[in-house]
Every structure is written in structure tokens, then in C-alpha cells.
Amino acid sequence: MHIYTPFKNCYASLKNGKKQIILFALSFIFMVQAFAQIPLNDDPCLDPSFPGTGAIPLIATAACSYATFSNVDASATAGVSTPACGTYIDGDVWFTTVVPAGATSITIDTRSGPAGGVGQPALTNGAMEVYTATGTCPSLTFTQIGCNDNNGASLMPQLILPATPGTTIYIRMWGVGGGTGQFGICVTANIPPPNNECVNAQSLTVNSNLLCGVVTAGTTNNATQSSTLPSPPCGIANAWNDDVWYSFIATGIAHRVSLLKILLLHI
């Protein structure tokens, strides 16, 4: 019997049965290595046998910039309780983020996909649980501080969490019902404006006429409620929660304060 192999212009032949078995074994090993790649962040702690494993750190930035990861071939994490939301089966991957200085909260956002190559579809329905932790790896004790199934876009999770600067937060991400695929994730630090409190009121220039030649830019984005002052007597009752402060030195007996070019960033 002749066994043909694609070497030497596709016409060389082998007559030794052992060579056929060896070639098959090599092909099988190659396929296993190509298609069974467990994510490095399959568990929250480093596996000493595999450098680079453990939760992947995400940096909290001023604006969301999605990084793409996958939970394909991930397994269930041993020793951590079942998440409180989503339909958890297995396939969770882990991240960490450290709350930066000045932040009063962080936003953890995810999105579906994009799809990758063979065996890497887009994850279209995800869930996420987040924790603080005490102890050191591999003996961490987790305390759940939030869980979400689909507050984000297209059945993907999003969490907005009050946070203390310097706190390390662990993020556990999985596919609902055992779903797998690639997804995007980002962490945004919500830092109040410098004039968030009365003591840091921003000084305004008083114009010499009503033409507003000098205009000061400002924002209430990420501002917090001033807790030591009474509620304003105007506006919607109990609706103020994101005030910022300004001051000016009076140059006459009457002044007009105008708000110009107001842009709604989010609700």
C-alpha cells in the first residue's frame, strides 16, 4: 500500500506505516494547541506554573477606550460563590482596576465583539460581577459590591460604582447561559470638576458691557451634591445633585449672569 504525502511536488510516497502514525500524531497535537487556548485571566490569581496568568489590570481613564478580550475556553472559577445576576454556568474571566486619585465613582462598561478569527465569535449577551478583596493570592476573600446583566448596550453589562481612591476592584465577566466570544471592556474614572465645592469656587471675569466678551467654560459632568448647604429655593424640588461653584467681585450695583451654549452630555 502506498501512502502519499504533499512533499516533493506532491508525488513522493511513503511505504512505512510508522511514518503515517507519526505524521497523524503531530497533526493532532498541532490542532489541540491551535484551538484550545485557555485565557490567561481564567482565574483571579497567578498560576505559578504559567507566568502572565491571573486577573488582567485595566486602567481607569477619563474617557472609555474599549480593549478586546475573550472568554472562549475559560472555565468556572473554583472557590468563589455563584454570581448574583445573569445565568452563570462557567466561562468567567477576571480583571482588576485601581480607583485613581480624585475619583468619586467609576464606570465599568462592556460591548459585544468584535468577532475574531476561527473559534472567536462575538459575545452577544454577557454579565459582570465586581468585588473588593482581602488577603493575598491564592487565598483572596471576595466581597461582592455590584452585579449586572444588561444595563449596557445590546444585552451587555454596565456598572457605575461609588468608589474610594486606591481601592482595587476585581471584575468577573462571563457569558449568560454559558455563552462565549470576544467582548470589549473599559473603565472610566468619574472625577468631579475642580469647582465641585464652594471652597474651590472658580473666579469669573466681570465684563465691562453685556456683550460677554470673556466667557468661562464649565461643566457639571461628574459633579456631586454640596452636602453642607441648604437646597436651592428654585428649580425642581430635590432634583439638584451635581452643582458647581463660581464667584466674582462686584464692580457695580447690578450684574447679569448668563449661561451660554449649554450642551447636555448625559442624563
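The values are calculated or read from the model by the stated rules, or taken from the named source; none is laboratory data. Since this is a predicted model, take the numbers as computed values, not measurements. Heads up, the Cβs are rebuilt from the backbone with ideal geometry, glycines too, and the neighbour counts pull from every protein chain shown. To get the accessible areas, we keep the full protein, side chains included, count just its heavy atoms, and leave off ligands, DNA and RNA. Shrake-Rupley method; radii C 1.70, N 1.55, O 1.52, S 1.80 Å.
Gain in length, Asn200 to Ile38, computed as 0.36 nm per residue apart minus the alpha-carbon separation, to one decimal in nm?
Details: separation 162, 0.36 × 162 = 58.32 nm, distance 5.05 nm.
Extra length available between Asn200 and Ile38 comes to 53.3 nm.
Listed highest first by mean packing, meaning other Cβ atoms within 10 Å per residue, what order do 158-164, 38-44 come in?
Working: 158-164: 16.0, 38-44: 20.7.
Highest-to-lowest ranking by the protection proxy: 38-44, 158-164.
Which is farthest toward the positive dipole end of the stretch 80-237 among Val187, Gly117, Val80, measuring Cα position about the Cα centre, with Cβ charges +1 (Lys, Arg) and -1 (Asp, Glu)? The residue sitting farthest along the positive end of the dipole is Val187. Once the C-beta distance of Tyr246 and Asn209 is scaled by a Förster radius of 30 Å, the resulting FRET efficiency is 0.95 to the nearest 0.05.
Rounded to the nearest whole Hz, the Karplus-based 3J(HN,Hα) values (6.51 cos²θ - 1.76 cosθ + 1.60, θ = phi - 60°) of the stretch 56-62 follow the sequence 8, x, 10, 8, 6, 10, 6, with x at glycine and proline. Leu58 exposes around 20 Å² of accessible area when a 1.4 Å probe is run over every protein chain in place. The gain in end-to-end length when the Leu263 to Cys137 segment is fully stretched comes to 40.7 nm, 0.36 nm per residue minus the alpha carbon separation. Sequence-distant contacts, meaning Cα pairs under 8 Å at least 6 residues apart, place the relative contact order of the stretch 43-180 at 31 percent.
Please work out the FRET efficiency for the pair Thr216 and Gln158, using the Cβ-Cβ distance as r and a Förster radius of 35 Å; give the result to the nearest 0.05. Write out the running numbers ahead of the final one.
Working: r = 33 Å, r/R0 = 0.94.
Efficiency for this residue pair is about 0.60.
Under the simplified labelling scheme, the Thr68-Thr82 pair shows an inter-label distance of 3.4 nm, with each label point 7 Å from Cα along Cα→Cβ.
Which shape class applies to the stretch 58-181: rounded if a/c is under 1.5, otherwise prolate when a/b exceeds b/c and oblate if not, where a ≥ b ≥ c are the square roots of the Cα gyration tensor eigenvalues? Because a/c hits 1.5 or more and a/b fails to exceed b/c, the stretch 58-181 counts as oblate.
Computed with a 1.4 Å probe on the full set of protein chains, the accessible area for Cys137 sits at about 70 Å².
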